[in-house]
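*Asks:* Let me give you the structure first, and then I'll get to my questions.
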């Protein structure tokens, strides 16, 4: 009996919602044949009963492809289109409001709340002119739709913030001007709501470690 199966070839073919489902299952089943079968079911879109019918050689090949996708170094995704709507990464992080920062800080290290974090970072594009664009104002509601966003954008944005934090940290020892050094140090150690950005970056690094993403 032949079983048709569509194996993703890039993270853009996997949704955030699918990955959230996989993470939830893997918490109670960290490894083993059951998790392998669920991985194929979730990411390849076939019933669990069908995944058990696959040949061992086929299962091994599929798992190699999926694990390679999930362990690669992601690129930052500035725009993506979902359900006919183009979304853009927040153009200016300096314009982030207190409410946006709090939502991002509280949700970015929790996979079951990752749609909240992505709702801060990615919103529908209102106007676009070549490489520049503006996005809709932040609203608390409406984050559920981002379950359908590509996982490439999720991984890429987390890696982007980790790189940003690492870059800012390295710059603190390169600046000789006292005012410049203090300005960057303040950015790294404090924020409007009193929660240090270092804690925020630690949360991001924990997330990336769990993803097994290469940091090099």
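The numbers here are math on the coordinates, done by the rules we state, and not lab data. Just so it is clear, the structure is predicted and the values come from calculations on it, not from any experiment. So basically every Cβ, Gly included, is an ideal-geometry build from the backbone, and we count neighbours across all protein chains shown.
*Asks:* If you scan the stretch 92-134, which residues turn out to be in contact with a strand residue (DSSP E or B) (Cβ under 7 Å, 6 or more places away or on another chain), touching a residue at least 12 places away in the same chain (Cβ under 8 Å) and surrounded by fewer than 20 Cβ atoms within 10 Å (Cβ to Cβ)?
*Replies:* 124, 125, 133, 134
*Asks:* Let me ask another. Which of the residues that make up the stretch 1-28 are under 22 Å from the mean Cα position of the chain (by Cα) and not in a helix (DSSP H, G or I)?
*Replies:* The answer is 7, 8, 9, 10, 14, 15.
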